[in-house]
1. Please enumerate the residues belonging to segment 71-97 that are aromatic (F, W, Y) and closer than 13 Å to F113 by Cα.
2. Taking segment 64-103 on its own, how many of its residues are farther than 24 Å from D123 by Cβ and of a type in the set (D, E, K, R)?
Amino acid sequence: MKPKIMILGPVLAVLLALGAIGAWPALSGQDGSETRSESRMDTSAFDKVRRPAALFDHDDHNEKAGLDDCAVCHHVWENGALLADESSEDSPCSECHGLAPGPENSMALANAFHTQCRTCHIDAGKGPLLCGQCHRKIQGGE
């Protein structure tokens, strides 16, 4: 019994010390923040936002969804037709979609985000559908 206490004591002391200096959350990955690969969707085109920008892990999403073709999400339309094998991944969505529908593009930016993501999630029968499932606050701000 005594050898277990001799080993357990120093281990607990180290854990308590790490917790006391605030290092445990960072080392354990349990700091309440989102995963390091998650990032906020770009909402810089909006004058005012009602919710935090959607958190999104691009690589994890594509792996889980089995997506290899960037154009599935980063589509290109011309004269009302979807261009096959054309991708817009190097351009922000706001390059084509304005804050309001216009003559060049009849789908406003917010609607484009929501339609693109939610339609795919509904069709696939999986993925977030409710506002708070994508537009999450993270601990400590944002």
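1. Correct list: empty.
2. Residues in segment 64-103 being farther than 24 Å from D123 by Cβ and of a type in the set (D, E, K, R): 2 in total.
Each reported figure results from applying straightforward, stated rules to the coordinates on display, with no laboratory input. None of the values given here were measured: they were computed from a predicted structure. Using ideal geometry, Cβ is built from the backbone for each residue, glycine included, and neighbour counts are taken over all protein chains shown.
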